1. Which helices (runs of 4 or more DSSP H) does the range 86-196 wholly contain that include 1 or more residues that are of a type outside the set (D, E, K, R) and near the ligand (Cβ under 10 Å from one of its atoms)?
2. Testing Gln83 on (1) of a type outside the set (A, V, I, L, M); (2) surrounded by 20 or more Cβ atoms within 10 Å (Cβ to Cβ); (3) in the same structural domain as Ile219 (by TED's automatic domain parsing), one condition comes back false. Which one is that?
3. Go through the range 43-60 and give me each residue that's surrounded by 24 or more Cβ atoms within 10 Å (Cβ to Cβ) and either more than 14 Å from the ligand (Cβ to nearest atom) or assigned to a loop (DSSP other than H, G, I, E, B) (or both).
4. For the range 242-264, name all the residues that are in contact (Cβ under 8 Å) with a residue 60 or more places away in the chain and surrounded by 14 or more Cβ atoms within 10 Å (Cβ to Cβ).
5. Just a yes or no: is a residue in the range 1-17 part of a loop (DSSP other than H, G, I, E, B), modelled with pLDDT under 95, within 16 Å of the chain's Cα centre (by Cα) and of a type in the set (D, E, K, R)?
6. Does Phe24 count as part of a strand (DSSP E or B) and free of Cβ contacts under 8 Å to residues at least 24 places away in the same chain?
7. What residue, among those in the range 26-41 that are surrounded by 15 or more Cβ atoms within 10 Å (Cβ to Cβ) and in contact with a helix residue (DSSP H, G or I) (Cβ under 8 Å, 6 or more places away or on another chain), is farthest from Ala171 (Cα to Cα)?
Amino acid sequence: MKVKAVSSNRKEAREYQTPSSGLFFKVKNVLYEKKSKYQKIEIIQNDFYGRVLFLDGLVQTTEKDEFFYHEMLVQPALCSCRQPERVLIIGGGDGGALREVLKHSVEKAWLVEIDQEVIRACEQYFPWLEASLSDPRAELAIADGFDFIQKTKERFDVILVDSSDPVGPSAILHARDFYFKLKKVLRPGGIIAAQSGSQLLHLKEHGQKAKFLKKMFSISRFYSAPVPTYPVGTWCYNFLSDQIDPLKVKKLRIPAGLKYYNEEIHRASFAQPVFFKQAIR
Ligand code: SAM
């Protein structure tokens, strides 16, 4: 878990990623600060990372390095899917995942974000969100992701879980029940990709998640990527499907305009180090 966060004292914003270590940003300007019904939202300007979004004092996205995280959440699943027509994003109020989805010729993409204030703040300070939401294929729902999938009559080719960490409103998006419900709204041949936390910091949680995901999906793989501002090194994601094995896809459908993901990265990202394999065995 990200343990404790001490945020902007207007000169410096710190995130304690463990009780004894963390990351700090010099604050050039505080651009936005608001306490919503769900969380404290802050956007600061930093010389190196540009605009940085914090929720409850934890870094969610930065202008400089967001492409590592967003491309790797979205592209392995979208590029592996036979026909990604209908795509659901749960969370992801900063809009980076939606922007990546819309690089594909999808029919429709839903963004289901619980916090209207995150959308408002990000529309103002992260221009890709406004651009993506004005795409006629995009539909925004302000709703709890868990409620949305319980009620929806839609079925999806790809579901992306772009949640925050398993504390507060996001906790529910990391649980077994949630994945069970997601599976029910997946079309045949569908794929789920979910952010699942830091490889080293959340090792125990990966082990627990691996146990129930393996029982639920014929193909359940972890993959990983570096995200410079996320805690303790390498970041992990889950790739889940009953039909599509990302390591057996012959032709990845890679869209133009990417900065991180390519065919070599796709294959390499599914390789896991010894300690991680042991934890998820
Ligand atoms: N991947 C980033 C990270 O790990 O730091 C976070 C991306 S995004 C900003 C996470 C979003 O999920 C937030 O905007 C938050 O409001 C939203 N969220 C949290 N719980 C949710 C829920 N139950 N349903 C829908 N959205 C939720």
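The values are calculated or read from the model by the stated rules, or taken from the named source; none is laboratory data. None of these values were measured; they are calculated from a predicted model. We place every Cβ from the backbone using ideal geometry, glycine too, and count neighbours over all the protein chains shown. Side chains are part of the model used for accessible areas, which takes the heavy atoms of the whole protein and leaves out ligands, DNA and RNA. Shrake-Rupley method; radii C 1.70, N 1.55, O 1.52, S 1.80 Å.
1. 96-101, 116-125, 145-151, 176-184
2. For Gln83, the exception is condition (2).
3. Result: Ile44, single match.
4. Those that are in contact (Cβ under 8 Å) with a residue 60 or more places away in the chain and surrounded by 14 or more Cβ atoms within 10 Å (Cβ to Cβ): Ile244, Pro246, Val249, Leu252, Arg253, Ile254, Pro255, Leu258, Tyr260, Tyr261.
5. yes
6. yes
7. Taking the candidates together, the pick is Leu31.
Listed here are the residues, each with its yes/no results for (1) outside the structural domain of Ser20 (by TED's automatic domain parsing); (2) open to solvent by 60 Å² or more (accessible area, probe 1.4 Å); (3) modelled with pLDDT under 95.
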position	(1), (2), (3)
Arg187	yes, yes, no
His202	yes, no, yes
Lys209	yes, no, yes
Ser220	yes, no, no
Cys236	yes, no, no
